[in-house]
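The values are calculated or read from the model by the stated rules, or taken from the named source; none is laboratory data. In this text, all values refer to a predicted model and were calculated from it rather than measured experimentally. For neighbour counting, all protein chains shown are included, and Cβ atoms are generated from backbone atoms with ideal geometry for every residue, glycine included. Ligands, DNA and RNA are stripped out before the accessible areas are found, and what is left, the full protein with its side chains, is counted by its heavy atoms. Shrake-Rupley method; radii C 1.70, N 1.55, O 1.52, S 1.80 Å.
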Amino acid sequence: MLTYVIRRILIAIPVLFGITIINFVIINLAPGNPIDMYMTPDTPPELLELRKEQLGLNDPIIIQYFKWLGQLLSGNLGYSFSTSESVVSLIGERLGQTVLLGICALIIGLLIALPIGIMSAVRQNSKFDYLMTGLSFVGTSIPQFFLGLVCIYIFAVQLGWLPVGGTEDLGGGGGFGDRISHLVLPSIALAVGIAGRKVRYIRASMLDVLKQDYLRTARAKGLKEFFVTNKHALRNALIPIITVVGMEIPMLFGGAVIVEQLFQWPGIGQLTIQSIMSRDYSTIMGLNLVAAMIVLAANLLTDIFYSVADPRIQYH
C-alpha cells in the first residue's frame, strides 16, 4: 500500500505543474489586471505604472510564471496583490473553516442518503421508493443559492431560530453552541444536494447486490433481514458508493464558493470570490493549486478506502 501511495504522489507532481500552467495562462488572458483596482480619475499614470512594475506585471507571462514557480518551490505562494499578506497565511486561515463546513455537509448528506437509499432498494417500486426517488431529483435540482435563501428566510428571518451568517455572534464569546448554530444553515444548503445525488447511487448499488445468490443463502440460514441488508448487502455495495462520495469532495469545494458568500462564511470559497473581484492573481493561483491538490488527494483516499471496504482489493 505504501509503495502505491508513493507512486501516486510522484505521478501527481507533474499533473499539478500542468494544472498551474493552464491556470496561469487562463488568468493572464482574462481582460483587466490588478492595477484596475487602483485606478481613479485622479490617479497619476506614473503611479499606476510604478505599481505594475512592483507587482511584476510588466514582465512577459512566461517570466511571471517562472517567478511564481520559484516562489512555490521555496514553499511560498507569493503575496496578495490586494492586501500584501502572504497567500499561504490567507489560505491557511480560511481552509479550516471550509473543511469544517464540507465535512459537516458531507456527514449530514450521507446520514440522510444512506437509510433512504437502502430502504428504497429494499422496498423497490413501492410508494416510498417513488416518493424518495422524486424527492432526490428535487434535492439535486434545487440551486444551492436558492435553497440557502429559503433557509435564511424561514429559519433566520421568520422563525428566528438560527443566525443569518458568519461563524459566531458579535460579542457572543464564540462558544461551541454558537459555532454550531452558525454552521447549521450553510451545512444544510450543501447537504441537500449531496443527499439528492447519493440516494439514487446507493439505491442502484443496493439493488445490484440484493439480487445476488449469497443473500438468498443468508436468508435461508435464518439471518434476520436487518443483518442481511445492513451487514452483508451494504458492505458489498460500498465500492460504487465510495466512488461517488470521493467524487463529491471536490464538488463540495465548488459549491462552497456560493454558499460561503451567501452565508458570509469565512472560508476559501468566500476568499475565491473576493480574489476574483479584485483580480488578485497570486491568491487565485494559490487557491487553484489547493483545489487541485484536494482533488488528487480525494482520488487517492478513494482508492485507499476501496481496499478497506473490500480486502480482496490489493495495491502493489
From A189, A195, grab the single residue that is surrounded by 12 or more Cβ atoms within 10 Å (Cβ to Cβ), closer than 22 Å to L252 by Cβ and touching a Cys at 6+ places or on another chain (Cβ under 7 Å).
A189
Breaking point among (1) open to solvent by less than 60 Å² (accessible area, probe 1.4 Å); (2) of a type in the set (V, I, T); (3) assigned to a helix (DSSP H, G or I), for I180
(1)
For the stretch 128-140, give me each residue that is modelled with pLDDT under 90, surrounded by fewer than 17 Cβ atoms within 10 Å (Cβ to Cβ) and not hydroxyl-bearing (S, T, Y).
F128, G134, L135, F137, V138
When L101 is run through (1) among the aliphatic types (A, V, I, L, M); (2) at pLDDT 75 or above; (3) in contact with a Ser or Thr (Cβ under 9 Å, 6 or more places away or on another chain); (4) within 25 Å of F17 (Cβ to Cβ), the failure sits at (4)
Enumeration of residues in the stretch 18-51 that are open to solvent by 70 Å² or more (accessible area, probe 1.4 Å), at pLDDT 70 or above and closer than 22 Å to G286 by Cα:
I21, I22, I26, L29
Would you check which residues across the stretch 168-220 are closer than 28 Å to T140 by Cβ and hydroxyl-bearing (S, T, Y) and list them?
S181, S187, Y201, S205
Scanning the stretch 52-85 for residues that are of a type in the set (G, A, S) and open to solvent by less than 70 Å² (accessible area, probe 1.4 Å), which turns out modelled with the highest pLDDT?
G70
